[in-house]
Amino acid sequence: MGEEGKAPVVAEAHLVDTFHPPQKMLDKHPSKPHVGSLEEYQKLYKESITEPEKFWAQKARELLTWQRDFDTVRSGTLSNGDVAWFPEGQLNAAYNCVDRHAFKDPNKVAIIYEADEPGEGRNLTYGELLREVSRVAYVLKKMGVRKGDTVAVYLPMIPEALIALLAIIRVGAVHSVVFAGFSADSLRDRVIDGQSRVVITADEGKRGGKLIGTKKIVDDALKQCPDVTGVLVFKRTGADVPFTPGRDLWWHEEVQKWPSYIAPEIMNSEDPLFLLYTSGSTGKPKGVMHTTGGYLLGAAMTGKYVFDIHDGDRYFCGGDVGWITGHTYVVYAPLLLGVSTVVFEGTPAYPNFSRYWDIIDQHEITQFYVAPTALRLLKRAGDDFVKARMPKLRVLGSVGEPIAAEVWKWYFEVVGREEAHIVDTYWQTETGSNVITPLAGVTPTKPGSASLPFFGVEPAIIDPVSGEEIHGNDVEGVLAFKQPWPSMARTVWGAHKRYMETYLDVYKGYYFTGDGAGRDHEGFYWIRGRVDDVVNVSGHRLSTAEIEAALIEHHAVAESAVVGVADELTGQAVNAFVAINKGVEGSDALRKEFILQVRRSIGPFAAPKAVYIVPDLPKTRSGKIMRRILRKILAGEEDQLGDITTLSDPTVVDKIITIVHEAR
Ligand code: WTA
């Protein structure tokens, strides 16, 4: 289990309460959940594992519209890293998300835009969405975007972010969204690695009453991206922003030129749909690649069964489109199922801590989905902010990090008034959609457990020491999956070898998640967190190596070690230990510079919460940095450091302990 390996106690699982789908949730249901009972789930699940081809062929034909039907359901294996789903099938993702609903009911609301400032939003119907998407698709073609090209998107949470993605996939191109909180340097790296020649952005963003200089960041990034030929700029605030003639185009001017219907490009099921960069254990972020048919099916299936989406539902996922949660659950799942999706530009704290609940109440939201970090913040703000009635709310989702039992209970009792079912959904950028999760209205839940596997997902607990699968219940180890599922990532862009090494070669025949997990006496899964050098800050996935690489760019830094420490509000926080070059004087100002360095190099959300300037880092004689020792010191467990005599200089440990104590 990595450096940190400790086996958490399974016994705790025996003591927790089991919550069944509340009767009141079923009473307010417009009809009934898609799956009738836990037994029915178990039967369907078994089918999905023993006869995956039959199961998925039927679902793919039911939930997606194909221009050409497929013959083969699944080919390839995890060991070979050549998995393909529905290979002869042809379809267009935008057609599936927009056209087919617009043709049937053009006046149905597709997007509920809730602007940063309450009251400034608007609704877009499926008919309007089809027209807007078509126009932007036309513009992209005129800008030279062709089938298979990647287009970078750096936009705030506005309807145009969805329109941009849908326009890109309409012309058969591949979107590569970069979270608008990333710095110019990070954007630059992703534009270059993804080989994007067109970027879509906005003049400015607006969040929590504050303005963000979006276009300026893009301009900075593109100084070092000579291959970018076009930038399409949406006017969000009307700020005066620099414009590069010949490269930059205003969205509102361009869309006026073109008709409001353009035929979608017919794509093969395995054509790439998007790249999304995520952090791993090495410094360089990887462009996780998803393909069309399988990804769309995973999104539609989990939307339908995990969130129990029914026609007429109004779905609100608070994730940002810059992360996988925003991709799958703001954009794809709700639109594939033809329901209304909320696009929320603001923050849960603006203008006050009631914002989410007011949105849910006002728009009669049926499903709400958010990360525990937001819930911790709102719980701390106090129950008085949760006054809204929220009468239609049936499902409350949690994602991105473990949810503590007391936060789970607050969500259930105070937010949901025991009338909504909580689904704690475990998944990753690489899995494309929920993989271990309750089904709303069906699965009994235990606070803190993501419960049972989704259809087609066959989890395995592996002993990290022997590499062998551990069978049976009441076991702990690392989590892997034994069968390919439709929405799994197919590669890392331009680095298939890295894809194999990270996910498929670690335990041959399995997909390795990078998470530790336990399976309790009833077969429920408990996610323990990452076993690699990934930290999870407010649900944002960060690599310690990436932050260390950012710090080392500062001229005063000789060496650094970054570790994640438990944090009440953000789940984990980044702490950095920095050894500075000889002749440089340590100071508060220098510490601030280091923090700024990380903000500039990666983005504000990656900034270390604490920086300790130390004379040296604890290292083995072969030079390996012992992050475990640093973590123990931060946790106040100096008495459990183990044998430190093998360090190249054991005396640094005491010095570091003193520095940490003095700083607190
Ligand atoms: C963690 C976010 C516990 C896990 C969708 C995983 C979770 C990483 C849960 C992926 C959950 C996600 N309970 N931990 N319900 N969901 N994680 O790629 O460590 O940003 O490997 O995808 O988040 O983060 P990513």
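Just a few scattered comments:
- Cα Rg, Dmax, the stretch 510-645, angstrom units: 16.5, 60
- The convex hull drawn around the Cα atoms of the chain, when projected onto a plane and averaged over every direction, covers 28.5 nm².
- Annotation for LYS582 and THR18: the two label points, set 7 Å from Cα along the Cα-Cβ direction, are 6.6 nm apart.
- In this simple spin-label approximation, THR645 and ASP384 carry label points 7 Å from Cα along the Cα→Cβ vector, and these lie 6.0 nm apart.
- Taking 7 Å steps out from each Cα toward its Cβ at LYS147 and GLN195 produces label points 1.7 nm apart.
- Taken along its principal axes, the alpha carbon cloud of the stretch 499-587 reaches lengths of 59, 34, 17 Å, longest axis first.
- Ascending count of other beta-carbon atoms within 10 Å, so fewest first, for VAL578, VAL16: VAL16, VAL578
- Local net charge near GLN597, Cβ-Cβ under 14 Å (Lys/Arg +1, Asp/Glu -1): -1
- Computed lengthening from THR620 to GLN42, 0.36 nm per intervening residue step minus Cα-Cα distance: 203.1 nm
- Distance violations [Cα-Cα > 31 Å] among LYS304/LYS387; LYS215/LYS392; LYS46/LYS104; LYS392/LYS482; LYS215/LYS592: LYS215/LYS392; LYS46/LYS104; LYS392/LYS482
A short reminder: the numbers here are calculations on the coordinates, not readings from a lab. Quantities reported herein were computed from a predicted structural model and do not represent experimental measurements. In this analysis, Cβ positions are derived from the backbone assuming ideal geometry, glycine residues included, and neighbour counts consider all displayed protein chains.
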